[in-house]
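As structure tokens, the structure follows; a few thoughts come after it.
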Amino acid sequence: MSQWPSSKATRVLAALLRIGWKIKRQSGSHRTLSRQGWPDFVFAFHDREEIGPRMLARIARHAGLKPEDL
């Protein structure tokens, strides 16, 4: 079992913003996030969409997110 629970996209985006990511630009549901010292990251989920454990693990690897940040 993964250490990542399923979570709504709004909750994941809020966690990313709390750890230092900023929304650089947005086009529809595609948000380009930027953070000092990290490459830009495209967060392409609708707000009410459920993000599963495998996708959360992938986002965490690219964005430095930890389970306790949620």
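The values are calculated or read from the model by the stated rules, or taken from the named source; none is laboratory data. Please read all numbers here as calculations on a predicted model, not as lab measurements. Neighbour counts are summed over all protein chains in view; Cβ atoms, including those assigned to glycine, are modelled from backbone coordinates with ideal geometry. Side chains are part of the model used for accessible areas, which takes the heavy atoms of the whole protein and leaves out ligands, DNA and RNA. Shrake-Rupley method; radii C 1.70, N 1.55, O 1.52, S 1.80 Å.
Looking at the range 13-41, which of the residues that are of a type in the set (A, V, I, L, M, F, W, C), modelled with pLDDT of 95 or more and touching a strand residue (DSSP E or B) at 6+ places or on another chain (Cβ under 7 Å) is most open to solvent (accessible area, probe 1.4 Å)? Per the criteria, the residue is 23. Screening the chain for strands (runs of 3 or more DSSP E) wholly inside it with 1 or more residues that are basic (Lys, Arg) returns the ranges 22-27, 30-35. Could you tell me whether residue 5 is over 11 Å from the mean Cα position of the chain (by Cα) and either open to solvent by less than 40 Å² (accessible area, probe 1.4 Å) or in contact (Cβ under 8 Å) with a residue 60 or more places away in the chain (or both)? Against the criterion (over 11 Å from the mean Cα position of the chain (by Cα) and either open to solvent by less than 40 Å² (accessible area, probe 1.4 Å) or in contact (Cβ under 8 Å) with a residue 60 or more places away in the chain (or both)), residue 5 qualifies.
Of all residues in the range 43-68, those that are on the phi > 0 side of the Ramachandran plot have Cβ atoms under 8 Å from Cβ atoms of residues that are assigned to a loop (DSSP other than H, G, I, E, B), 6 or more apart or on another chain, in 64/19.
Taking every residue in the range 16-42 that is over 15 Å from residue 59 (Cα atoms) and in contact (Cβ under 8 Å) with a residue 60 or more places away in the chain and pairing it with any residue that is open to solvent by 70 Å² or more (accessible area, probe 1.4 Å) and hydrophobic (A, V, I, L, M, F, W, C), at least 6 positions away or on another chain, yields no pair with a Cβ-Cβ distance below 6 Å.
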